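Just below is one structure, and these are the notes that go with it.
The values are calculated or read from the model by the stated rules, or taken from the named source; none is laboratory data. Quick caveat: nothing in here was measured; it's all calculated off a predicted structure. Here the Cβ is made from the backbone with ideal geometry for all residues, glycine too, and neighbour counts use every protein chain on show. The protein model used for the area step is the full one, side chains on, heavy atoms only, and it has no ligands, DNA or RNA in it. Shrake-Rupley method; radii C 1.70, N 1.55, O 1.52, S 1.80 Å.
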Amino acid sequence: MTSKEQIENEQVREDTNDVLNAGVSYAKRMLRRYGEFGPFGFAMNQDGDVKMETIAQQDMPADPALLLDLLCQQLMERAKRGALQAAATASNVTMGRPSDEGYRDAIMIDIEHHSGYCVKAFVPYRMTGGQFFGFVPRILRFGAIRTQEGTARLFAR
(Lines give C-alpha, C1' and ligand atoms only; values in the text may rest on other atoms or scores of the structure.)
Protein backbone atom coordinates (compact mmCIF):
# COMPACT_ATOMS: atom_id res chain seq x y z
CA MET A 1 0.00 0.00 0.00
CA THR A 2 1.38 3.38 -0.98
CA SER A 3 1.57 6.25 1.46
CA LYS A 4 -1.17 8.05 -0.54
CA GLU A 5 -3.50 5.05 -0.08
CA GLN A 6 -2.64 4.92 3.63
CA ILE A 7 -3.50 8.61 4.02
CA GLU A 8 -6.78 8.11 2.12
CA ASN A 9 -7.68 5.07 4.25
CA GLU A 10 -6.86 7.03 7.41
CA GLN A 11 -9.09 9.90 6.23
CA VAL A 12 -11.98 7.50 5.49
CA ARG A 13 -11.58 5.99 8.96
CA GLU A 14 -11.59 9.44 10.59
CA ASP A 15 -14.62 10.60 8.59
CA THR A 16 -16.67 7.49 9.38
CA ASN A 17 -15.65 7.58 13.05
CA ASP A 18 -16.80 11.20 13.25
CA VAL A 19 -20.32 10.42 12.00
CA LEU A 20 -20.46 7.22 14.07
CA ASN A 21 -19.47 9.03 17.27
CA ALA A 22 -21.98 11.83 16.61
CA GLY A 23 -24.74 9.27 16.10
CA VAL A 24 -23.91 7.12 19.13
CA SER A 25 -23.59 10.18 21.39
CA TYR A 26 -26.97 11.55 20.30
CA ALA A 27 -28.71 8.15 20.64
CA LYS A 28 -27.30 7.65 24.16
CA ARG A 29 -28.46 11.13 25.14
CA MET A 30 -32.00 10.45 23.84
CA LEU A 31 -32.15 7.07 25.58
CA ARG A 32 -31.07 8.59 28.89
CA ARG A 33 -33.54 11.46 28.61
CA TYR A 34 -36.58 9.82 26.99
CA GLY A 35 -35.98 6.06 27.11
CA GLU A 36 -36.26 5.82 23.31
CA PHE A 37 -35.45 7.57 20.03
CA GLY A 38 -36.76 7.65 16.49
CA PRO A 39 -34.59 7.27 13.40
CA PHE A 40 -32.15 10.12 12.81
CA GLY A 41 -29.04 10.88 10.80
CA PHE A 42 -25.80 12.80 10.76
CA ALA A 43 -24.03 14.01 7.63
CA MET A 44 -20.51 15.26 6.95
CA ASN A 45 -20.21 17.95 4.30
CA GLN A 46 -17.22 18.39 1.99
CA ASP A 47 -15.53 20.66 4.56
CA GLY A 48 -15.62 17.88 7.17
CA ASP A 49 -18.33 19.47 9.33
CA VAL A 50 -20.71 16.95 10.93
CA LYS A 51 -24.29 18.06 11.50
CA MET A 52 -27.54 16.39 12.38
CA GLU A 53 -29.71 15.76 9.35
CA THR A 54 -33.21 17.17 9.74
CA ILE A 55 -36.08 16.25 7.47
CA ALA A 56 -37.61 19.18 5.65
CA GLN A 57 -41.21 18.00 5.75
CA GLN A 58 -44.16 19.34 7.70
CA ASP A 59 -46.14 16.15 8.32
CA MET A 60 -43.73 13.64 9.81
CA PRO A 61 -44.79 9.99 9.56
CA ALA A 62 -45.33 8.21 12.88
CA ASP A 63 -43.92 4.98 11.45
CA PRO A 64 -40.16 4.74 12.16
CA ALA A 65 -39.53 2.77 8.94
CA LEU A 66 -41.14 5.51 6.84
CA LEU A 67 -39.20 8.18 8.71
CA LEU A 68 -35.93 6.32 8.09
CA ASP A 69 -36.83 5.96 4.42
CA LEU A 70 -37.46 9.73 4.12
CA LEU A 71 -34.15 10.43 5.82
CA CYS A 72 -32.29 8.08 3.46
CA GLN A 73 -33.96 9.64 0.38
CA GLN A 74 -32.92 13.10 1.53
CA LEU A 75 -29.33 11.99 2.19
CA MET A 76 -29.23 10.21 -1.19
CA GLU A 77 -30.24 13.42 -2.97
CA ARG A 78 -27.52 15.38 -1.19
CA ALA A 79 -24.96 12.64 -1.93
CA LYS A 80 -25.88 12.70 -5.66
CA ARG A 81 -25.24 16.45 -5.73
CA GLY A 82 -21.78 15.85 -4.22
CA ALA A 83 -22.62 17.72 -1.02
CA LEU A 84 -21.69 14.86 1.35
CA GLN A 85 -18.45 13.23 2.34
CA ALA A 86 -20.00 10.71 4.74
CA ALA A 87 -23.33 10.01 6.43
CA ALA A 88 -24.86 7.84 9.13
CA THR A 89 -28.44 6.87 9.91
CA ALA A 90 -29.45 5.45 13.28
CA SER A 91 -32.35 3.30 14.45
CA ASN A 92 -33.40 1.69 17.71
CA VAL A 93 -33.55 -2.07 17.05
CA THR A 94 -34.05 -5.40 18.78
CA MET A 95 -31.36 -7.91 17.82
CA GLY A 96 -32.28 -11.47 16.91
CA ARG A 97 -29.42 -12.80 19.03
CA PRO A 98 -28.39 -11.24 22.34
CA SER A 99 -25.00 -9.56 22.64
CA ASP A 100 -22.19 -11.10 24.67
CA GLU A 101 -23.53 -9.11 27.63
CA GLY A 102 -27.02 -10.60 27.11
CA TYR A 103 -28.57 -7.39 25.73
CA ARG A 104 -31.14 -7.56 22.92
CA ASP A 105 -31.84 -3.85 22.33
CA ALA A 106 -29.29 -1.91 20.28
CA ILE A 107 -28.50 1.36 18.60
CA MET A 108 -27.96 0.41 14.94
CA ILE A 109 -25.98 2.86 12.84
CA ASP A 110 -25.50 2.51 9.08
CA ILE A 111 -22.40 4.45 8.04
CA GLU A 112 -21.39 5.28 4.48
CA HIS A 113 -18.49 7.18 2.95
CA HIS A 114 -18.33 8.54 -0.59
CA SER A 115 -15.26 6.32 -1.16
CA GLY A 116 -17.57 3.28 -1.09
CA TYR A 117 -16.77 2.22 2.48
CA CYS A 118 -19.92 1.00 4.28
CA VAL A 119 -20.34 -0.47 7.74
CA LYS A 120 -23.23 -1.27 10.05
CA ALA A 121 -22.51 -0.81 13.76
CA PHE A 122 -24.52 -2.11 16.70
CA VAL A 123 -24.23 -0.74 20.23
CA PRO A 124 -26.21 -3.10 22.49
CA TYR A 125 -27.83 -1.73 25.61
CA ARG A 126 -30.08 -2.58 28.53
CA MET A 127 -32.32 -0.04 30.18
CA THR A 128 -33.81 -0.36 33.65
CA GLY A 129 -35.75 2.09 35.78
CA GLY A 130 -37.35 5.26 34.53
CA GLN A 131 -40.83 4.29 35.74
CA PHE A 132 -43.25 6.16 37.97
CA PHE A 133 -42.85 9.57 36.33
CA GLY A 134 -39.08 9.57 36.78
CA PHE A 135 -39.02 8.71 40.49
CA VAL A 136 -37.12 5.52 39.67
CA PRO A 137 -34.03 6.72 37.80
CA ARG A 138 -33.37 5.37 34.30
CA ILE A 139 -30.19 3.30 34.21
CA LEU A 140 -28.52 2.41 30.92
CA ARG A 141 -25.79 -0.14 30.45
CA PHE A 142 -24.03 -0.35 27.08
CA GLY A 143 -22.27 -3.36 25.62
CA ALA A 144 -19.34 -3.61 23.25
CA ILE A 145 -19.87 -2.22 19.77
CA ARG A 146 -20.17 -4.81 17.00
CA THR A 147 -19.74 -4.10 13.31
CA GLN A 148 -20.51 -5.88 10.10
CA GLU A 149 -20.20 -5.03 6.44
CA GLY A 150 -22.82 -2.55 5.29
CA THR A 151 -24.65 -2.08 2.01
CA ALA A 152 -24.24 1.08 -0.06
CA ARG A 153 -27.49 3.01 -0.43
CA LEU A 154 -26.65 6.68 -0.20
CA PHE A 155 -23.53 6.74 -2.38
CA ALA A 156 -24.49 3.75 -4.56
CA ARG A 157 -23.14 4.21 -8.07
- Message: Keeping every protein chain present and rolling a 1.4 Å probe, give me the accessible area per residue for the stretch 1-59 in Å².
- Response: 66 Å²
- Please give the direction-averaged projected area of the C-alpha convex hull for the stretch 62-135, in square nanometres with one decimal. 7.3 nm²
- Query: aspartates and glutamates within cross-link reach of K51: Cα-Cα under 12 Å, excluding same-chain residues under 8 positions apart?
  - Reply: D18
- Query: Based on the mean of other beta carbon atoms within 10 Å per residue, what is the order of 74-81, 63-70, most packed first?
  - Reply: 74-81, 63-70
- Item | Three semi-axes of the equivalent ellipsoid, the chain, Cα gyration tensor, whole Å, largest first | 29, 20, 13
- Task: Check cross-link reach from K80 to the aspartates and glutamates: straight Cα distance under 14 Å, and skip same-chain residues fewer than eight apart.
- Result: E112
- Query: At a probe radius of 1.4 Å, what is the per-residue accessible area of F142, in Å² to the nearest 10?
  - Reply: 50 Å²
- Query: Roughly speaking, to the nearest percent, how much of the chain's 1.4 Å accessible area is carbon and sulfur?
  - Reply: 49 percent
- Query: On average, how much accessible surface per residue is there in the stretch 92-157, in Å², for a 1.4 Å probe, leaving out ligands, DNA and RNA?
  - Reply: 62 Å²
- Sum of side-chain charges, D110 neighbourhood, beta-carbon under 9 Å (Lys, Arg +1; Asp, Glu -1): +1
- When every protein chain stays in place and a 1.4 Å probe is rolled, I55, I107 sorted by accessible area with the largest first are I55, I107
- Given 91-102, 42-53, 110-121, 9-20, the highest-first ranking by average Cβ count within 10 Å works out to 110-121, 9-20, 42-53, 91-102
